[in-house]
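Visitor: The structure under discussion is supplied below as structure tokens; questions concerning it will follow.
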Amino acid sequence: MIKDKVAFLGPQGTFSHEAASLVSDNLISYCSIQQVMAAVESGECVCGVVPIENSIEGPVSLTLDSLIHNF
């Protein structure tokens, strides 16, 4: 288990929250993918959980673009 803060997208109960809760109990919710990425980049959180694909739209472009260009 990760003891440091872990960022995730959305309110409790989302798939991102469920995935994040598998690795840490110290979770912080954010309202956007950009906020999750910024929290990790600034060091506020040690890592973040965001969707890379979903059943409605397929690949999540914002996440993939952020990972390619910023990390």
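Visitor: Could you please find all residues in the stretch 56-66 being free of Cβ contacts under 8 Å to residues at least 12 places away in the same chain and either at negative phi or touching a strand residue (DSSP E or B) at 6+ places or on another chain (Cβ under 9 Å) (or both)? Before the answer, list the steps.
Guide: The initial filter retains those residues of the stretch 56-66 that are free of Cβ contacts under 8 Å to residues at least 12 places away in the same chain, namely 56-59, 61, 65.
56, 57, 59, 61, 65 - these are the residues of the stretch 56-66 that are free of Cβ contacts under 8 Å to residues at least 12 places away in the same chain and either at negative phi or touching a strand residue (DSSP E or B) at 6+ places or on another chain (Cβ under 9 Å) (or both).
Visitor: Sticking with this one: Which one of these does residue 19 not meet: (1) in contact with a strand residue (DSSP E or B) (Cβ under 6 Å, 6 or more places away or on another chain); (2) buried (at least 17 other Cβ atoms within 10 Å of the Cβ)?
Guide: Failed condition: (2).
Visitor: Restricting attention to the stretch 35-60, and to residues there that are polar (S, T, N, Q) and at pLDDT below 95, which single residue is surrounded by the fewest Cβ atoms within 10 Å (Cβ to Cβ)? Break it down into steps so the answer makes sense when it comes.
Guide: So in the stretch 35-60, the residues polar (S, T, N, Q) come out as 35, 42, 54-55.
Cutting the leftovers down to at pLDDT below 95 gives us 54-55.
Working: 54: 10, 55: 5.
So, considering only residues that are polar (S, T, N, Q) and at pLDDT below 95, the one surrounded by the fewest Cβ atoms within 10 Å (Cβ to Cβ) is 55.
Visitor: Residue under question is residue 53, and the condition is that it be free of Cβ contacts under 8 Å to residues at least 24 places away in the same chain and either of a type in the set (Gly, Ala, Ser) or touching a strand residue (DSSP E or B) at 6+ places or on another chain (Cβ under 9 Å) (or both); does it hold?
Guide: Values: free of Cβ contacts under 8 Å to residues at least 24 places away in the same chain: yes; either of a type in the set (Gly, Ala, Ser) or touching a strand residue (DSSP E or B) at 6+ places or on another chain (Cβ under 9 Å) (or both): yes.
It is true that residue 53 is free of Cβ contacts under 8 Å to residues at least 24 places away in the same chain and either of a type in the set (Gly, Ala, Ser) or touching a strand residue (DSSP E or B) at 6+ places or on another chain (Cβ under 9 Å) (or both).
The values are calculated or read from the model by the stated rules, or taken from the named source; none is laboratory data. Worth saying up front: this structure is predicted, and the values here are computed from it rather than measured. So basically every Cβ, Gly included, is an ideal-geometry build from the backbone, and we count neighbours across all protein chains shown.
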